[in-house]
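J.: Right, I'll just put the structure down here and ask away after.
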Amino acid sequence: MRRGDFYRVYRGSKYDTKDYRVFLVVSRQELIDNTFSMVICAPVYSKHDGLATQVEVGVNEGLKHGSSVYCDELISIPKSMLTNYIGSLSNDKMEAVNAALRIALAVG
């Protein structure tokens, strides 16, 4: 598991009406490689509102269609639920996610 990987998670949230949701792992790699059981993820939705905290992704990243990573809706997910690997971000897209996370969290 690496930072920038997409995973399909079944019943990602008890509030989600879908059977599964795609999430992007955004935790720092040191946390992912540690024995800590949870990682921070950002959900992926097919809707794009044009917000600075959303990053457009799609088939180039292994997804079925154009979508957006929502950096304003971070969630902790057990690593054990991240078993259905889909794809990963390019370095350029990961930089866009980093910028969106800085905006979403009002840091640096």
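J.: Of the numbered conditions (1) free of Cβ contacts under 8 Å to residues at least 24 places away in the same chain; (2) of a type in the set (Gly, Ala, Ser); (3) over 26 Å from ALA106 (Cα atoms), GLY87 fails exactly one; give the number of that condition.
T.: Looking at each condition in turn, GLY87 falls short on (1).
J.: While we're on this one: As an exercise: evaluate PRO43 against (1) out of contact with any Cys (no Cβ under 6 Å at 6 or more places or on another chain); (2) more than 18 Å from ILE103 (Cβ to Cβ) and give the number of the one condition it does not meet.
T.: The number of the failed condition is (2).
J.: Filtering region 41-100 down to residues that are basic (Lys, Arg) and over 18 Å from ARG2 (Cβ atoms), which residue is modelled with the highest pLDDT?
T.: LYS64
J.: Please enumerate the residues belonging to region 24-54 that are within 17 Å of GLY87 (Cα to Cα), of a type outside the set (A, V, I, L, M) and in contact with a helix residue (DSSP H, G or I) (Cβ under 9 Å, 6 or more places away or on another chain).
T.: Within region 24-54, none qualify.
J.: Wholly within region 32-80, which strands (runs of 3 or more DSSP E) include no fewer than the required count, namely at least 3 residues that are crowded, with 17+ Cβ neighbours inside 10 Å and small (Gly, Ala, Ser)?
T.: none
The values are calculated or read from the model by the stated rules, or taken from the named source; none is laboratory data. Because the structure is a prediction, the values reported are computed rather than measured. All Cβ positions, even for glycine, are placed from backbone atoms using ideal geometry, and neighbour counts span all protein chains on display.
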